[in-house]
Amino acid sequence: NGLRAAELLSDSGVTVVLPGGTLRRSSWSLVGDFGDLVTSRGRLAMGFFGIRGLSREHGLMELSVEETTVKRRLAAACIEVYGLFDSSKIGRFALHSFAPPQRITGLFTDDSADPDALACFAEQGVAVHRVPVDDMHETSA
């Protein structure tokens with residue numbers, strides 16, 4: 001349901017599926033009750049989800065009830081579930097889990113992420129990818 005992630009994935013040659021809904025400007029995502037629109041049509045191969053927080057106990061987390069509801073339904077329809085986040089999200093406060101640790105297939109974060117904070121996921125068989133940050137996207141003041 002994240003428009004930024006969909007835009008990035010659209011350049012990869014895969015089919016990107018987004019639910020309809022209302023634009024939530026603070027997260028640049030689509031939210032709303034789309035019911036069984038996705039889940040009644042079959043399974044999605046992979047889901048890539050931005051997150052508010054990552055928890056060893058609760059998995060992929062969100063702060064907003066609207067975001068959580070949409071992401072929980074989408075994650076339930078996915079065979080593979082991936083979390084996309086920067087290192088500041090590890091241990092960050094969030095209220096609602098939308099994908100418990102046992103449902104996570106892989107995690108993608110920046111190379112500043114503490115390997116020890118991610119070790120518990122790797123030990124459970126979750127593929128952990130620490131990606132170098134591209135300084136070209138940073139703006140100078």
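The values are calculated or read from the model by the stated rules, or taken from the named source; none is laboratory data. This one's a predicted model, so the numbers in the text were calculated from it and none came from an experiment. Here the Cβ is made from the backbone with ideal geometry for all residues, glycine too, and neighbour counts use every protein chain on show. Protein only, heavy atoms only, side chains kept; ligands, DNA and RNA dropped before computing areas. Shrake-Rupley method; radii C 1.70, N 1.55, O 1.52, S 1.80 Å.
Give the accessible surface of the stretch 56-115 per residue, rounded to a whole number of Å², with probe radius 1.4 Å and ligands, DNA and RNA excluded.
Averaged over the residues of the stretch 56-115, the accessible area is 47 Å².
Please give, to one decimal in nm, the separation of the simple spin-label points placed at L9 and E80, each 7 Å out from Cα toward the Cβ.
1.1 nm
FRET efficiency for V16 and D111, Cβ-Cβ distance as r, R0 = 25 Å, nearest 0.05?
Given R0 = 25 Å and the Cβ-Cβ separation, E is 0.45.
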